[in-house]
Amino acid sequence: MAELRIRKVAGALGAEISGVDLSRDLPDAAIAAIRAALVEHQVIFFRDQDLTPEAQLAFGRRFGPLNIHPYVAGMDGHPEIMEIIKEPGDKVNFGGGWHSDMSFLETPAIGSILYALEIPQWGGDTLFASQAAAYDALSPGLKATLETLNAVHSAGREYSAQGHSAQKRASMNVVEAEGAVGEFVHPIVKVHPESGRKALYVNPAFTMRIEGWSRRESKALLDFLFEHSRYEAFTCRFSWAPGSLAFWDNRSVWHFALNDYPGQRRHMRRVTVDPWPAPADQTAVRRAEGVA
């Protein structure tokens, strides 16, 4: 296996990896090295890749089971693939605000893999913000307070009729969240299961309030955290080209797709990786089998 070449792109997060063809059936050692780079750098970038939908699915599945989005229709024949398309006549893009993918689920996704097929002549970059760096920069007193709190996440606002994500787009089929879409509670400070590093886990799109607090009471603290978490020193920026791929860790990263290319087309393809299922309770299994 050729050794991966890894180049950091910013201080807080981000690295570009070369020396690997993601369309191939990579050995386990290569996948382990890519995963280690993702955990260390939080978002990793690849250039000049040539991926069919099947190859992107195969690559994503090396890291975990793939998510099927509850509100965005998948690609024909491949429901795990989300085609993110902004046509020249569309006014609103998809992902145009700071967020962490799928935090509105009971078990959020661990990462997203976005591949560029067609990009505008200019604009259309994606910004990323390290929520681990955001946590590290807080005072000891606020860290201690936040570690006692949970936050409520839901898709109900972002995918409502007025929400950014549910707005009509010519080439995307997005349904509105109707009725009780579910609210799920996550710690405001999450410990990364692989690195052990702490990170903030709230975001403007899907975090509704602090558990046990009213929305009014929650607003001041959440607004402070949202403002703090997108500070420029915590960010990096990726300029796309056809064949570029970004793989980010939703457990510690926000991202923001810029909508600064009016009248141009942008076509991306995304798969989202869920965590591996927890190992079965062996005691329960043995009891069910009559062994214990």
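Distance between the modelled labels on residue 144 and residue 181, one decimal in nanometres: 3.8 nm (7 Å Cα→Cβ projection). Of the peptides 246-253, 120-127, 146-153, the order by per-residue mean of other Cβ atoms within 10 Å, starting with the highest, comes out as 246-253, 146-153, 120-127.
Each stretch of four or more DSSP H residues adds -39500 (n - 2.57); spread over every residue of the chain, this sum gives -6000 deg cm²/dmol at 222 nm. The lysine pair tally for the chain, using Cα distances under 24 Å and a gap of 8 or more places or different chains, is 9.
Run through segment 29-135 and list the trypsin sites (Lys or Arg not before Pro) located in a DSSP loop whose Cβ has at most 15 other Cβ atoms within 10 Å. Present the calculation step by step, with values, prior to reporting the outcome.
Numbers: sites: 35, 47, 61, 62, 86, 91; in loops: 47, 62, 91.
Those satisfying the criteria are 47, 91.
Taking packing as the residue-averaged number of other Cβ atoms within 10 angstrom, the listed peptides 198-207, 64-73 run from highest to lowest as 198-207, 64-73. Spin-label model, residue 73/residue 192: points 7 Å from Cα along the beta carbon direction are separated by 3.8 nm.
Give, in nm to one decimal, the length gained when the segment between residue 48 and residue 24 is fully stretched (0.36 nm per residue of separation minus the Cα-Cα distance).
Details: separation 24, 0.36 × 24 = 8.64 nm, distance 1.36 nm.
Net length gain for the segment: 7.3 nm.
FYI, it's all coordinate maths here, none of it is from the lab. Since the structure is predicted, the reported quantities are computational estimates derived from the model, not experimental observations. Reconstructed Cβ throughout: ideal geometry from the backbone, glycine too, with neighbour counts over all protein chains shown.
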